[in-house]
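What follows is one structure encoded as structure tokens, with my remarks underneath.
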Amino acid sequence: MIKSMTGYGRGQSTALDGQWIVEIRTVNSRFLDIHLRAPSGLAALEDRIKKFLAARLSRGRVSITISASGAAEPVPRLVLNRPLFKQYRQIVRELEQELGVSGNGNVWPYINCREMILTMDADPDMDVYWAQLEPAMLAALDELDAMRAAEGDSLRRDFLERLERLEGFFGQAAARSPQIVENYRQRLTERIGKLLDEGRADPERLALEVAIIADKCDITEEAVRAASHLEQFRAFLEAGEPVGRKLDFLLQELNREANTMGSKSPDAQASAMVVEMKAELERLREQVQNIE
């Protein structure tokens, strides 16, 4: 079953001191492009999170936002800059002795200095945080997958209707091919007959040219190839794997066959069918851009 590349999923899980909330949004893109927004304390898990997503998603621009409520995320560790503190204390003591005053031993004025307290990265067990976060990610991915599958099924039904119309256009064009060739042969023969009456051409040579030119108007081969491409397209719609690129390739091939048929056929009715084919193929191409 095909899937859309557009969707949204949300999941949450309980941590020891709070809750993790995961939101995933996806839109169409030629490749898998993952963008992560998460608390700085989860930086060590970034690669692990992206690999986890890549195992479930093959194409699309993926925006994942991870937030924490309560005290779920790792908190930084505060460390006193002891060498600097000792220098401050020594300077203050020297001033006290020099001025003949005594301090009260209050350390807060020194600690309040910005350079005095150092912020160190927390060093928690990231496996513990991953175990807390993973259920929320799974829930978000499952919800996202369900939405993408539902939209993919809707697109699949629309594709099947359009494929039937295309089969009709290609089939009608193929059915007219013998008549197109015969009509063209007759017109050429009439023109050549006038030249023969005037004694301006070799009859055998002209008869050969008529056969060659008329055969060039035959679009049966293109119609047969188009039918094969349409059958492949149907088969891919039922595949259990990402097929967006394959469908896009088949549409390029179908468009090529339609262009060839249009250039070869001198028949107005067949040309009108080709215009309808190309319009339908363009509608399909626009929608296939959103298939994973």
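A crude spin-label estimate for the pair SER271 and ARG37, with each label 7 Å from Cα along the Cβ direction, gives 5.5 nm. Seen from PHE170, the other residues with C-beta closer than 9 Å to its C-beta sum to a net charge of -3, counting Lys and Arg as +1 and Asp and Glu as -1. Annotation for segment 16-72: chymotrypsin sites (Phe, Trp or Tyr not before Pro) lying in DSSP loop with at most 15 further Cβ atoms inside 10 Å of their Cβ are PHE31. Sequence-ordered 3J(HN,Hα) estimates for segment 126-142 from the Karplus curve with 6.51, -1.76 and 1.60 and θ = phi - 60° stand at 5, 4, 5, 5, 5, 4, 6, 7, 4, x, 5, 5, 4, 5, 5, 5, 5 Hz, glycine and proline given as x. GLU257 sits among other residues whose Cβ lies under 10 Å from its own Cβ, and their net charge, with Lys and Arg +1 and Asp and Glu -1, is -1. Among HIS35, HIS229, the order by Cβ neighbours within 10 angstrom, fewest to most, reads HIS35, HIS229. Roughly speaking, what is the centre-to-centre gap between segment 219-253 and segment 21-46 when only Cα atoms are used, to the nearest Å? If we compute the Cα centre of each part, the gap is 33 Å.
Viscosity 0.692 mPa s, temperature 37 °C: Stokes-Einstein D of segment 149-288 from its Kirkwood Cα radius, in µm² per second? Can you show the working numbers first?
Numbers: Rh = 16.8 Å.
Answer, rounded: 195 µm²/s.
Ranked for footprinting exposure by Cβ neighbours inside 10 Å, fewest first, TYR88, TYR8 give TYR8, TYR88. Remark: spin-label model distance THR220-ASP127 equals 7.0 nm, labels positioned 7 Å along the Cα→Cβ axis.
Here the residues THR220, THR6, ranked from fewest to most Cβ neighbours within 10 Å of their Cβ, fall in the order THR220, THR6.
Here, each number is a calculation from the coordinates, and none is a lab measurement. Quick caveat, the model's predicted, so the values are computed rather than measured. Backbone-built Cβ (ideal geometry, glycine too); neighbour counts: all protein chains shown.
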